[in-house]
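The next block holds one structure in the form of structure tokens; read it before the comments.
The values are calculated or read from the model by the stated rules, or taken from the named source; none is laboratory data. As the structure is a prediction and not an experimental result, all values here were calculated from the model. Heads up, the Cβs are rebuilt from the backbone with ideal geometry, glycines too, and the neighbour counts pull from every protein chain shown. Heads up: the accessible areas ignore ligands, DNA and RNA and are worked out on the full protein's heavy atoms, side chains in. Shrake-Rupley method; radii C 1.70, N 1.55, O 1.52, S 1.80 Å.
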Amino acid sequence: MVGFMAYEKLGDVPLNYMPCRYGASKLRFRGPRRRLSGRYAAFLGGTETYGKFIAHPFPALVEARTGVKCVNLGWSNAGIDVFLHDPDILAAAARAQVTVLQVLPAQNMSNRFYSVHPRRNDRFVEASPVLRSVYREVDFTEFHFTRHMLHRLRAVSEERFALVREELQTAWVARMKLLLHHLGSPVVLLWLSSHGPGEVADQPSVSSDPAFVTAGMLEALRPQVLQIIDATARPEALACGTDRMVFSQFEVAAASELLGPAAHEDAAEALVPVIGELVGG
């Protein structure tokens, strides 16, 4: 197709995500749409779970290798709020034998300092009076995304930014505990990132998500989850770059910030024994 270039061609057309909905949810997930009946595993998460630019994201690979029906409920740039406030998705997870929950970044959720869009959690909506009082010299009307705002706040004052970071981390743990309570099925937490859980990503960038989440924060959730799986991308997987990813010439920069197929294959390999035992068995 004229105007498109990709490292992997799929019939010379861009990747078809077959968007679909479940119940009355306003979210359009990656298809094909699956029946929410019988035994299945639900996969909740962000851009990686959705599989942006990936022909076969890790939920599809797990299904292919285990024979277990895997329902992809990934939502690009998701934060905790989008799932916590969607009763149809919570119900879909509750009916699953197990829910794989990708560890999401801390910046994409409403908190004491700012609010985000209820569905597109990476969109900054408004600063609270508290944040405005902390950063009196900042014009918050110029921000549309949380990453942009947080980068600016940190550049203005590292000392004051520590207050914001602490609030995000505290709110993340509380919000995750609430989400885990509402999911209603056994949960496997999946750490899927270019860095390990012991290496805190202190900058809110796509390539370093889940930003601001520490190993200690994960440990605080361990009593509520079945297992925590560390699928940190291997150096060899990161070295593959955008190899086998599918994207247009206008999406090169976005694709280069995301994990590629090799990282998805490693994540699937880590999940297969768990999903096979919990659902397939």
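Scanning segment 11-32 for residues that are at pLDDT 95 or above, surrounded by 14 or more Cβ atoms within 10 Å (Cβ to Cβ) and under 22 Å from Ala268 (Cβ atoms) returns Tyr17, Cys20, Phe29, Arg30.
Conditions (1) on the phi < 0 side of the Ramachandran plot; (2) open to solvent by 60 Å² or more (accessible area, probe 1.4 Å); (3) at pLDDT 95 or above, marked per residue:
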position	(1), (2), (3)
Arg154	yes, no, no
Val200	yes, yes, no
Arg222	yes, yes, yes
Val225	yes, no, yes
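Against the list (1) open to solvent by less than 10 Å² (accessible area, probe 1.4 Å); (2) over 19 Å from Ala127 (Cβ atoms); (3) at pLDDT 95 or above, the condition Pro210 fails is (3).
In this structure, does Ser133 turn out to be open to solvent by 30 Å² or more (accessible area, probe 1.4 Å), closer than 16 Å to Val164 by Cα and either touching a Cys at 6+ places or on another chain (Cβ under 8 Å) or assigned to a helix (DSSP H, G or I) (or both)? So Ser133 fits the description; yes. Among the residues of segment 252-273, the ones that are touching a residue at least 60 places away in the same chain (Cβ under 8 Å) and in a loop (DSSP other than H, G, I, E, B) come to 3 in all. Which residue pairs have Cβ atoms under 8 Å apart, sit 6 or more places apart or on different chains, and have a first residue in segment 216-238 that is closer than 20 Å to Ser185 by Cα and a second that is open to solvent by 10 Å² or more (accessible area, probe 1.4 Å) and basic (Lys, Arg)? As it stands, the answer is Ala220/Lys177; Leu221/Lys177; Gln224/Lys177; Ile228/Arg222, since those pairs meet every condition given. Residues in segment 54-68 that are touching a Cys at 6+ places or on another chain (Cβ under 7 Å) and either closer than 15 Å to Ile89 by Cα or surrounded by 24 or more Cβ atoms within 10 Å (Cβ to Cβ) (or both): Pro59, Val62. Filtering segment 71-86 to residues that are of a type in the set (A, V, I, L, M, F, W, C) and open to solvent by less than 10 Å² (accessible area, probe 1.4 Å) leaves Val71, Leu73, Ala78, Ile80, Val82, Phe83. With respect to the stated conditions, Arg120 is surrounded by 14 or more Cβ atoms within 10 Å (Cβ to Cβ), out of contact with any helix residue (DSSP H, G or I) (no Cβ under 6 Å at 6 or more places or on another chain) and in a loop (DSSP other than H, G, I, E, B). Among the residues that make up segment 36-53, is at least one of them closer than 16 Å to Pro261 by Cβ, outside any helix (DSSP H, G or I), open to solvent by 20 Å² or more (accessible area, probe 1.4 Å) and touching a residue at least 24 places away in the same chain (Cβ under 8 Å)? Scanning segment 36-53, I find at least one residue that is closer than 16 Å to Pro261 by Cβ, outside any helix (DSSP H, G or I), open to solvent by 20 Å² or more (accessible area, probe 1.4 Å) and touching a residue at least 24 places away in the same chain (Cβ under 8 Å), so the answer is yes.
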